[in-house]
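Visitor: One structure, as structure tokens, below. Some questions next.
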Amino acid sequence: MEIKRLHVGKRLSEVAIHNGTVYLAGQIAENTAGGIQEQTREVLGHVDRLLAEAGSDKTCILSTQIYISDMANFSGMNEVWDAWVANGHTPPRATVEAKLANPACLVEIVVAAAQR
């Protein structure tokens with residue numbers, strides 16, 4: 001069985017595709033100057049772009065794990081998520097508070113999705 005990887009780096013690949021399932025690495029904001037809403041918008045933009053590149057989209061998401069640096073940001077992150085997620089295609093999701101590798105990052109999102 002073939003495993004296809006996209007954007008392969010020394011430490012990680014941004015995407016792995018196996019058996020019609022797309023796995024994304026945790027996505028973070030590159031511009032960490034903004035607050036939770038700006039960072040969440042940017043991260044979801046990365047998710048959209050990578051899923052499209054892998055032959056999928058947000059309507060095909062199978063599961064999502066969201067890590068936020070402070071639960072005080074939960075409602076702000078959810079405002080952006082609720083506007084982004086596809087109606088009728090809301091995936092199973094877990095959200096936890098976590099100390100992220102880069103303290104300037106407020107949110108990290110991990111997605112698994114089916115290919116179209």
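The values are calculated or read from the model by the stated rules, or taken from the named source; none is laboratory data. Since the structure is predicted, the reported quantities are computational estimates derived from the model, not experimental observations. Methodologically, a virtual Cβ is constructed for each residue, glycine included, from the backbone with ideal geometry; neighbour enumeration extends over all protein chains shown. Remember, those area values only see protein heavy atoms, side chains included, never the ligands or the DNA or RNA. Shrake-Rupley method; radii C 1.70, N 1.55, O 1.52, S 1.80 Å.
Visitor: Only one of E38, E42 is out of contact with any strand residue (DSSP E or B) (no Cβ under 6 Å at 6 or more places or on another chain) and either among the hydroxyl-bearing types (S, T, Y) or open to solvent by 60 Å² or more (accessible area, probe 1.4 Å) (or both); which? Don't jump to the end; show me each part of the working.
Guide: Values: E42 fails: either among the hydroxyl-bearing types (S, T, Y) or open to solvent by 60 Å² or more (accessible area, probe 1.4 Å) (or both).
It is E38.
Visitor: Go through L6, L51 for me and flag whichever is over 21 Å from P103 (Cα atoms) and surrounded by fewer than 18 Cβ atoms within 10 Å (Cβ to Cβ). Talk me through it step by step, then tell me what you get.
Guide: Numbers: L51 fails: surrounded by fewer than 18 Cβ atoms within 10 Å (Cβ to Cβ).
L6 is the lone residue from the list that is over 21 Å from P103 (Cα atoms) and surrounded by fewer than 18 Cβ atoms within 10 Å (Cβ to Cβ).
Visitor: Then there is this: Just to check your reading of the model, which residue among T90, T95, T40, T59 is within 15 Å of the chain's Cα centre (by Cα), modelled with pLDDT of 95 or more and within 30 Å of E2 (Cβ to Cβ)?
Guide: Details: T90 fails: within 30 Å of E2 (Cβ to Cβ); T95 fails: within 30 Å of E2 (Cβ to Cβ); T40 fails: within 30 Å of E2 (Cβ to Cβ).
Going through T90, T95, T40, T59 in turn, just one is within 15 Å of the chain's Cα centre (by Cα), modelled with pLDDT of 95 or more and within 30 Å of E2 (Cβ to Cβ): T59.
Visitor: Among (1) open to solvent by 20 Å² or more (accessible area, probe 1.4 Å); (2) outside any helix (DSSP H, G or I), which single condition is I66 missing?
Guide: Single failed check for I66: (1).
Visitor: If you go through the stretch 60-77 one residue at a time, do you hit one that is out of contact with any Asp or Glu (no Cβ under 7 Å at 6 or more places or on another chain), of a type in the set (G, A, S) and closer than 27 Å to Q115 by Cα?
Guide: Yes, some residue in the stretch 60-77 is out of contact with any Asp or Glu (no Cβ under 7 Å at 6 or more places or on another chain), of a type in the set (G, A, S) and closer than 27 Å to Q115 by Cα.
Visitor: So which of E53, E14 is more than 16 Å from E108 (Cα to Cα) and acidic (D, E)? Steps first, please.
Guide: Details: E14 fails: more than 16 Å from E108 (Cα to Cα).
From the options E53, E14, the qualifying one is E53.
Visitor: Moving on to the next point. Restricting attention to the stretch 69-98, which residues are within 26 Å of G20 (Cα to Cα), assigned to a loop (DSSP other than H, G, I, E, B) and of a type in the set (A, V, I, L, M, F, W, C)?
Guide: Start the filter on the stretch 69-98 by keeping residues that are within 26 Å of G20 (Cα to Cα), which leaves 81, 84-95.
Filter once more, so that each one left must be assigned to a loop (DSSP other than H, G, I, E, B): 85-92.
If the condition is that a residue be within 26 Å of G20 (Cα to Cα), assigned to a loop (DSSP other than H, G, I, E, B) and of a type in the set (A, V, I, L, M, F, W, C), then V85, A86 are the ones that fit.
Visitor: Select from the stretch 19-35 the residues that are of a type outside the set (D, E, K, R) and open to solvent by 60 Å² or more (accessible area, probe 1.4 Å) and write down the one among them that is nearest to the chain's Cα centre (by Cα). Give the steps one after another, and end with the answer.
Guide: Just the residues of the stretch 19-35 that are of a type outside the set (D, E, K, R), to begin with: 19-29, 31-35.
Subset that is open to solvent by 60 Å² or more (accessible area, probe 1.4 Å): 19, 23, 28, 31, 33.
Details: N19: 20, Y23: 10, I28: 8, N31: 15, A33: 19 Å.
Top of the filtered list is I28.
Visitor: Across the stretch 1-33, what is the number of residues that are of a type outside the set (V, I, T) and either in contact with a Pro (Cβ under 6 Å, 6 or more places away or on another chain) or in a strand (DSSP E or B) (or both)?
Guide: The qualifying residues number 11.
Visitor: Condition first: surrounded by 16 or more Cβ atoms within 10 Å (Cβ to Cβ) and either of a type in the set (D, E) or touching a His at 6+ places or on another chain (Cβ under 9 Å) (or both). Now tell me which residues in the stretch 74-115 satisfy that.
Guide: Residues satisfying the conditions are E108, I109.
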